[in-house]
Amino acid sequence: MLPILAFDTSAAHCAAALLWQDGLILHDEAMEKGQAERLLPMLEEVLAEAGLGWSDLKALAVGTGPGNFTGVRIAVAAARGLALGLGIPAVGVTRLEALAHGLPRPLTVVEDARRGEVYVQRFDPDGERPARLAPALAPVAGPVTGSAAGAMALPPAMPLAEAIARIAAARAPGAPPPAPFYLRGADAAPPADPPPVILP
């Protein structure tokens, strides 16, 4: 499945990684907004740095969240559109499994979900438990990592985009298209007014 191009915009960044036979290329830029405009130019820069073109790719990988709602949708939509146009698979990888990748198990990932809550997922040697939302002050036993894991947190084994690429490269082909991974409902609510009547 190499070369594989991975990217993530689920947090306040735009990150990309190209994993290929000759090694790894990483780009990661901090940004609160503007990922939609920056993502495709960044991907083209990564490919150009390797001397590759879009047609050389064998697969795409994308971070599916949880995280910023808009950021997750930007990356997932880009991955699905590019995969369709290029005729190659796109593989979704959650932020939580990417943060756990390369670290010893058992391990619990604890990521800030704001509003006094955290995203929590436990990774055991024989598999992982379902991810969930929990109160930010809920105790977590054993080794931990993540932005809300506290002073005892293990550092990530590698940059997020690299982990996404490596997980996707090891996955068996035939996975369903990537979809946003949400653990909380959207902030925006549908309008209360009834839709307008469309005249024949």
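The table for this structure:
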| quantity | calculated |
| --- | --- |
| From 144, 93, 120, residue being open to solvent by less than 30 Å² (accessible area, probe 1.4 Å) and under 15 Å from the mean Cα position of the chain (by Cα) | 93 |
| Odd one out for residue 115, checked against (1) farther than 20 Å from residue 26 by Cβ; (2) free of Cβ contacts under 8 Å to residues at least 60 places away in the same chain; (3) crowded, with 21+ Cβ neighbours inside 10 Å | (3) |
| Within region 1-52, tally of residues that are closer than 21 Å to residue 81 by Cα and open to solvent by less than 20 Å² (accessible area, probe 1.4 Å) | 20 |
| Residue selected from region 165-185 under the condition farther than 16 Å from residue 123 by Cα and among the aliphatic types (A, V, I, L, M), by the criterion surrounded by the most Cβ atoms within 10 Å (Cβ to Cβ) | 165 |
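Table: residues versus (1) surrounded by fewer than 20 Cβ atoms within 10 Å (Cβ to Cβ); (2) under 30 Å from residue 140 (Cα atoms).
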position: 54; (1), (2): yes, no
position: 63; (1), (2): no, yes
position: 67; (1), (2): no, yes
position: 79; (1), (2): no, no
position: 82; (1), (2): yes, no
position: 100; (1), (2): no, yes
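The values are calculated or read from the model by the stated rules, or taken from the named source; none is laboratory data. The shown structure was predicted, so the numbers you read here are calculated from the model rather than taken from an experiment. Positions of Cβ are backbone-derived with ideal geometry, glycine not excepted, and every protein chain shown enters the neighbour counts. Note: areas computed on protein heavy atoms with side chains; ligands, DNA, RNA excluded. Shrake-Rupley method; radii C 1.70, N 1.55, O 1.52, S 1.80 Å.
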